[in-house]
1. Pairs of Cα atoms under 8 Å, at least six residues apart: use those to get the relative contact order of region 169-260, whole percent.
2. What's the ranking of 238-245, 28-35 by average number of surrounding C-beta atoms within 10 Å, highest first?
3. Given region 16-204, report the % of alpha carbon pairs whose separation exceeds 24 Å.
4. Please give the peptides 375-385, 42-52 ranked by average Cβ packing (other Cβ atoms within 10 Å per residue), highest first, as a rough proxy for protection.
5. How large is the dipole of region 16-204 about the Cα centre if only Lys and Arg carry +1 and Asp and Glu carry -1, each at its Cβ, rounded to the nearest 20 debye?
6. Counting only residues 5 or more places away or on other chains, whose amide H sits under 5 Å from the amide H of residue 221 once H atoms are built in the peptide plane?
7. Could you line up 313, 146 from fewest to most neighbouring Cβ atoms inside 10 Å?
8. Which order, highest average first, do 323-334, 128-139 follow once you tally other Cβ atoms within 10 Å for each residue and take the mean per peptide?
Amino acid sequence: MAVPVGRDGDSDTPYFFLSYAHTPRNDPSDPDPDLWVAKLYNDLCAHILQMTTLPAGVKAGFMDRGMNLGEGWPESLSAALAHCRVFVPLYSPRYFRSQQCGKEWFAFSTRAVNHRAVYDSPMSGIVPALWVPVPTTDLPGPAERLQFNHADFGEDYATEGFYGLIKLSYLRQQYELAVYRLAQRIVNVVEQTSIPKGRHVDYHKVHSAFAPPGASRPLQITVLACCNSEDLPDGRGPDCYGPSARDWNPYHPQSTRPLAAHAADLARNLDYQVSVGLFEEGLDRLLDPEPNAPEVLLLDRWAMESPYRRELLARFGREHRPWISVMVPWNRADPESNGHEENLRDLTDQALDPGGVSGSASHRFIRTGIPSLEAFGDDLPDAVGRAARHYAAHAKVFPPQGPPQERPRLRGPSVDTYGHEQPPPHGRPGRPDSPGNPEGPTPPVSLRKDDHGTTEPHKAEGQDDREP
């Protein structure tokens, strides 16, 4: 667990990470357009220094002042995202269109999702701030789910944002009040929550938490697994199972939550609207040549002991459906894995590729033998992203029949800055569907085997979704 600064050391860990959208210069000779953001950051640090026992010479926060758009993440940026206690996104219309800001948000929020998987305790650690007010209907899903009352920092702040308070001289006192209260909120969140440190991440492997403006991004997560309400295979105990296949938790005891719930949390942080279902119940949809939504299939190898389930999976495996990614966990720390892996792996491979020539399987994202919860979290964004790209491409080939239906927005539970779940907001319209491919054209894909015999795709060299 992270230890708040000023208690028991760890003084090199920043209280907060200020995430903001860089404003471009119209001309190289123009003054720094982010000068006022830097003023806000310095004022926050000064207040936090007074409110805590932060050692002299140690900054209270982290602000990316040295990077220009188009550069890679430096080590200091990655370390700050992995270690900071609070993430402060500075809302503006430009912010939610920035891939860099979306990646920063996802990198931090993944730490909270991983914490919930291990301890089954939701928390957020995100304290939003207004640079320029943004209409609620323009917020992407991850921001929309945060419950935060900006009027707590003053009515003028909620109306004008920090930029307006700074630039309008008659609002000087309101600016000082809003900065002070934001500093208080940051310190309070640090004192009341403790998100474990994360890993340093490679910028080019991090996905954005924000969908393109106006995009509707449904995602189906489907589970094919055993459950303890029926006879489990020989050699398999009940610890990883519950009354339903939805309860399957292959990374027990490290994880305390069902894998499908953890996958849904990760996907919602990528701004997808997630539904979770069972393989047997959704078989007609899975076998439909016309895609309904991008999909991720979570597959329990132990379920392949059942001839009935093997036949169902073989029916799915015979056809080319690249908009459905397949993820097959295999927890190497599970003592029951010893002595069963080879047989269950062969049964699974035969069912996924019943022709035995990798005909249909080679066109699908199949990640097998995922050894740990951490590895699963690394792989899921790639599986979701590839399924979404192929869905967008094939949905043009197989258009839906009948009149277009407005797809409702499926929200997960909202949380406040302390991680307390809130009921979803009422009366807020969902985003309309938008045509086209929100993730761009499907990149060239090749397949390789990893050290565990895993088949996974690779993007063509030189691909980079960093904003220019």
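1. 15 percent
2. Order by mean packing, descending: 238-245, 28-35.
3. I get 39 percent for the Cα pairs in region 16-204 exceeding 24 Å.
4. Descending packing order for the listed peptides: 375-385, 42-52.
5. With Lys and Arg at +1 and Asp and Glu at -1, about 400 debye.
6. Hits under the 5 Å cutoff: 275, 276, 277, 296.
7. Fewest to most other Cβ atoms nearby, the residues stand as 146, 313.
8. Ranking, from highest mean packing down: 323-334, 128-139.
None of the figures in this text is laboratory data; all of them are computed from the coordinates on show. Just so it is clear, the structure is predicted and the values come from calculations on it, not from any experiment. Don't worry about glycine lacking a Cβ; one is built from the backbone with ideal geometry, like all the others, and counts go over all protein chains shown.
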